Amino acid sequence: MKKARVLPILGNLAVLAAGLAVLFGLPAFAETYLIINSTIFAAFAILALSLALIWGYAGILCFGQAAFFGLGGYTYAITAINMGDTTVPAVLAVLLPALFAGMLGYFMFWGRISDVYLGVITLTVSLIFFRFINQTAGEQWNIGDAPLGGFNGIPATPILNWPGRPGDQLAPENIFSLAVGLLIIVYFCCKILLATRFGRIIVAIRENETRAELLGYDVRLYKLAIFMIGGAMAGLSGLLFANSVFVSPTMFSLPVSGQIIIWIIIGGLGTLIGPVIGCILMQILTNYLGTLSQVKGFGWVDPNLVLGVLLVIFVLLVPKGLTALAADGWRWLASLATRPRTAAEPAARERTSNP
């Protein structure tokens with residue numbers, strides 16, 4: 001088997017091994033607080049994957065991925081409160097963002113919206129959701145038995161229960177296992193999708209949309225399909241996040257939209273594992289900075305400012321992200337190890353050993 005085929009297989013096996021180690025190893029020694037935080041990290045990693053897929057491989061720059069994230073969380077919370085059981089609401093939390101992405105994408109792609117305006121439109125939609133949910137405080141803003149809660153959100157977001165057993169809620173360890181398991185599944189499903197004919201066409205559209213059209217492909221339809229898949233993944237992320245914290249308008253906010261962009265740029269655009277790594281590292285850093293700002297003498301530390309500085313540094317100095325940097329470093333070390341010796345090296349070694 002050629003080296004070009006062996007390396008991707010080894011990389012996939014390494015990712016699978018790391019994911020399974022976290023899935024089965026972390027609950028064995030971690031406290032509940034760490035379990036819940038890790039569940040949030042896994043939920044955000046799926047959110048990062050959703051944008052990594054549609055931006056990194058389809059070339060669709062969506063600044064409003066938080067809209068589908070928040071829509072998934074609110075769909076789950078509202079329907080779960082009204083139905084009592086969380087099985088159907090969990091499914092709706094994935095389907096409704098996908099359908100909304102389809103509706104929004106139809107108007108954008110069939111309207112031939114360019115990349116810059118597409119980013120502005122998606123960001124605007126996310127901010128519309130944010131402003132609307134923020135002003136829904138009061139008893140008149142109810143959907144069935146579910147109060148929207150305004151800027152307070154819905155603190156009484158129901159926890160997932162075992163299918164068909166409404167009173168039997170999942171423990172934090174179970175939700176963690178579900179989140180990490182879904183992250184692994186979603187990651188490898190994206191890998192498989194990109195290896196199919198559909199995935200190759202998506203990448204071809206990213207590289208040259210006009211050429212893909214001339215080859216007979218309906219570019220709008222392919223972009224709409226991948227956009228809906230990204231919306232469904234973001235909705236799944238919102239569902240898992242809602243079970244770790246609770247839903248609130250901040251899920252639609254500009255900081256969330258901006259953080260997703262930062263995760264992908266730092267991890268590496270055009271990869272899948274890069275955004276996952278970037279997301280987890282940035283979340284760990286954000287949590288650390290949040291605690292550091294409470295220490296005397298470090299109150300000036302603003303996590304958002306630090307993230308902004310990091311974004312500028314990576315855009316200017318490491319534009320390909322951490323994964324490309326690590327890959328280049330590995331190739332450099334491998335080239336040193338396999339570098340052929342020159343004819344002068346043995347002679348020089350012989351002279352030094354026999355003075």
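The values are calculated or read from the model by the stated rules, or taken from the named source; none is laboratory data. Just so it is clear, the model here is predicted, and its values are computed rather than measured. Positions of Cβ are backbone-derived with ideal geometry, glycine not excepted, and every protein chain shown enters the neighbour counts. Quick note on the areas: whole protein, heavy atoms, side chains included, nothing else; ligands and nucleic acids left out. Shrake-Rupley method; radii C 1.70, N 1.55, O 1.52, S 1.80 Å.
Among the residues of the range 36-53, are any in contact (Cβ under 8 Å) with a residue 12 or more places away in the chain, in a loop (DSSP other than H, G, I, E, B) and in contact with a helix residue (DSSP H, G or I) (Cβ under 8 Å, 6 or more places away or on another chain)? Step through it out loud before you land on a result.
Within the range 36-53, the subset in contact (Cβ under 8 Å) with a residue 12 or more places away in the chain is 36-53.
Restricting the remaining residues to those that are in a loop (DSSP other than H, G, I, E, B) gives none.
Within the range 36-53, none of the residues are in contact (Cβ under 8 Å) with a residue 12 or more places away in the chain, in a loop (DSSP other than H, G, I, E, B) and in contact with a helix residue (DSSP H, G or I) (Cβ under 8 Å, 6 or more places away or on another chain).
Could you say which residue among VAL94, VAL15 is modelled with pLDDT of 95 or more and either closer than 25 Å to PHE198 by Cα or in contact with a Cys (Cβ under 7 Å, 6 or more places away or on another chain) (or both)? Explain how you work it out, then say what you get.
Values: VAL15 fails: modelled with pLDDT of 95 or more.
Testing whether each residue is modelled with pLDDT of 95 or more and either closer than 25 Å to PHE198 by Cα or in contact with a Cys (Cβ under 7 Å, 6 or more places away or on another chain) (or both) leaves just VAL94.
If you go through the range 69-85 one residue at a time, how many are under 21 Å from the mean Cα position of the chain (by Cα) and on the phi > 0 side of the Ramachandran plot?
Here the count works out to 0.
Which one of these is hydrophobic (A, V, I, L, M, F, W, C) and either farther than 22 Å from GLY181 by Cβ or outside any helix (DSSP H, G or I) (or both): VAL276, VAL245?
Working: VAL276 fails: either farther than 22 Å from GLY181 by Cβ or outside any helix (DSSP H, G or I) (or both).
Residue meeting the stated conditions: VAL245.
Every residue in the range 152-182 that is in a loop (DSSP other than H, G, I, E, B) and not aliphatic (A, V, I, L, M), please. Reasoning before the result, please.
Keep residues of the range 152-182 that are in a loop (DSSP other than H, G, I, E, B), which gives 153, 155-160, 162-168, 170-171.
Those that are in a loop (DSSP other than H, G, I, E, B) and not aliphatic (A, V, I, L, M): GLY153, PRO155, THR157, PRO158, TRP162, PRO163, GLY164, ARG165, PRO166, GLY167, ASP168.
Of the numbered conditions (1) of a type in the set (A, V, I, L, M, F, W, C); (2) within 13 Å of the chain's Cα centre (by Cα); (3) under 28 Å from THR32 (Cα atoms), LEU285 satisfies every one except a single condition; which is it?
Against the list (1) of a type in the set (A, V, I, L, M, F, W, C); (2) within 13 Å of the chain's Cα centre (by Cα); (3) under 28 Å from THR32 (Cα atoms), LEU285 comes up short only on (2).
Would you point out which residue out of LEU95, LEU20, LEU13 is out of contact with any strand residue (DSSP E or B) (no Cβ under 7 Å at 6 or more places or on another chain), free of Cβ contacts under 8 Å to residues at least 40 places away in the same chain, open to solvent by 20 Å² or more (accessible area, probe 1.4 Å) and over 22 Å from ASP168 (Cα atoms)? It would help to see each step written out before you state the result.
Values: LEU95 fails: free of Cβ contacts under 8 Å to residues at least 40 places away in the same chain; LEU20 fails: free of Cβ contacts under 8 Å to residues at least 40 places away in the same chain.
Unique residue meeting the criteria: LEU13.
Could you count how many residues in the range 194-218 are surrounded by 15 or more Cβ atoms within 10 Å (Cβ to Cβ), among the hydrophobic types (A, V, I, L, M, F, W, C) and either in contact (Cβ under 8 Å) with a residue 40 or more places away in the chain or in a loop (DSSP other than H, G, I, E, B) (or both)?
4
Which of (1) at pLDDT 95 or above; (2) farther than 20 Å from GLN283 by Cβ; (3) β-branched (Val, Ile, Thr) does VAL6 not meet, given it meets every other one?
With (1) at pLDDT 95 or above; (2) farther than 20 Å from GLN283 by Cβ; (3) β-branched (Val, Ile, Thr) applied to VAL6, the lone miss is (1).
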